[in-house]
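The values are calculated or read from the model by the stated rules, or taken from the named source; none is laboratory data. Every value quoted in this text rests on a predicted model; they were computed, and no experiment measured them. Cβ coordinates were reconstructed from backbone atoms using ideal geometry, including for glycine residues, and neighbour counts include every protein chain displayed.
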């Protein structure tokens, strides 16, 4: 499981160091292979086994509407397999770096079954939006269902 967040930098070649606590969450079956795709102006990163579960769910959906076709096209079609090197870095492809606005300062965020890579600027905006949304009764009620 991926938890917590940490602040890092992306180098000029587009390499990011994967924190040890995230590497430890990846099973030996997955080796050093990760699948990276895009969502919400950030990148989502899954170990290969978790990614395969997502692909199976997408394939099993009975609905083949326009929205799901577009989602599959962008999410699956825009995904890249990234392998971390001996320095525990992955090379993020330029198209994904551009989509997420990854320049220098980044934030890696654990989200239980995957982790996300955010530009520091987009992460700060996301946090501000959540703080604003937390004042809405419907959002507070949804969170309260968790017992928090």
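Miscellaneous remarks
- Hits in region 93-148 (condition: free of Cβ contacts under 8 Å to residues at least 12 places away in the same chain and in contact with a helix residue (DSSP H, G or I) (Cβ under 7 Å, 6 or more places away or on another chain)): 133, 134, 139
Here is a yes/no grid of residues against (1) within 17 Å of residue 17 (Cβ to Cβ); (2) surrounded by 10 or more Cβ atoms within 10 Å (Cβ to Cβ); (3) at pLDDT below 95:
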site	(1), (2), (3)
60	no, no, yes
63	no, no, yes
69	no, yes, yes
76	no, yes, yes
79	no, yes, no
86	yes, no, yes
91	yes, yes, no
94	no, yes, no
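- If you check 18, 54, 26 for being surrounded by 13 or more Cβ atoms within 10 Å (Cβ to Cβ), within 16 Å of the chain's Cα centre (by Cα) and over 18 Å from residue 90 (Cα atoms), only one passes: 54.
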